[in-house]
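Bear in mind that the values in this text are calculations on the coordinates, not laboratory data. Since this is a predicted model, take the numbers as computed values, not measurements. Don't worry about glycine lacking a Cβ; one is built from the backbone with ideal geometry, like all the others, and counts go over all protein chains shown.
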Amino acid sequence: MPELIGPVFVADGPEQLLPEDRRLQAADPLLWQLVFMGETELDISSFSERSEAESALAALKADQYGEGGGILVRAGDVIAENLFLKHMRQEDYVEYLQRATESVAPASAEVHDAAAMEEVVTTAKDRLRQLTKLAPEIAKLRAEYESKTLSEPQVIRGRPSEALIEFANLFPQYVRLGGCTRP
């Protein structure tokens, strides 16, 4: 039996960038926040002493691609920077700190299930609307191919119509799409 609907993808909600304890530290306006390029992504380290934060900032180097470094932030103000920019901008580091300090309420299972069900219903309706529109053409193709009594599926070459594509999916015993070129 061919799949009439196919897979349905539902986006997850926003994800918290840092564990809760680190998020709270990064949001503390009394601490010095070092926003820096880690090995694979942006990261944040919090310092209580300015001298420690400045030393850590000064120690940052560019990666193998010439990108990296970081910024030092306190109470939302950029105090110092040691950036090696090729593709990123200082604003990317500031934006990361803002997003990382936001509290993300976990979506309840009921809300997620309701959103998933809504997406399935929408996808199913769209698919059924499409098949309903193509039904008369698919019925003609079925009558045509049933009367041929083929021993194996006929290979169709060239650019098939939308109805023929659906027909091939629904009735693989009659036709098989063979591409645009001759063998």
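Evaluated at 25 °C with a viscosity of 0.890 mPa s, what Stokes-Einstein diffusion coefficient in µm²/s does segment 47-145 have when Rh comes from the Kirkwood expression over alpha-carbon pairs?
Details: Rh = 19.1 Å.
Taking Rh from Cα pairs, D becomes 128 µm²/s.
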Starting from the Kirkwood Rh over alpha-carbon pairs, what translational D in µm² s⁻¹ does segment 20-101 have by Stokes-Einstein at 20 °C and 1.002 mPa s?
172
Let's see if you can work this out: charge +1 on each Lys and Arg Cβ, -1 on each Asp and Glu Cβ, no other charges. What is the dipole magnitude of the chain about its Cα centre, in debye to the nearest 20?
1460
At a 10 angstrom cut-off on C-beta neighbours, averaged per residue, how do the peptides 158-164, 32-38 rank from highest to lowest?
32-38, 158-164
Given an 8 Å cut-off on Cα distances and at least 6 residues of separation, report the relative contact order of the chain as a percent.
18
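I need the semi-axes of the equivalent ellipsoid of the chain: take the C-alpha gyration tensor, multiply each eigenvalue by 5, square-root it, list largest first in whole angstrom.
59, 22, 11
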Rounded to the nearest 10, the angle in degrees between the Cα long axis of helix 90-101 and the longest principal axis of the Cα atoms of the chain comes to 80
For the ranges 128-137, 76-85, what's the packing order if you count other beta-carbon atoms within 10 Å of each residue, average per peptide, and put the highest first?
76-85, 128-137
Rounded to 10°, Cα long-axis angle of helix 109-146 versus longest principal axis of the chain:
30
Please give the net charge around MET117, taking every other residue with its beta carbon less than 14 angstrom from that of MET117, where Lys and Arg add +1 and Asp and Glu add -1.
-3
Based on the alpha-carbon gyration tensor of segment 109-177, what equivalent-ellipsoid semi-axes (square roots of 5 times the eigenvalues) come out, in whole Å, largest first?
34, 12, 10
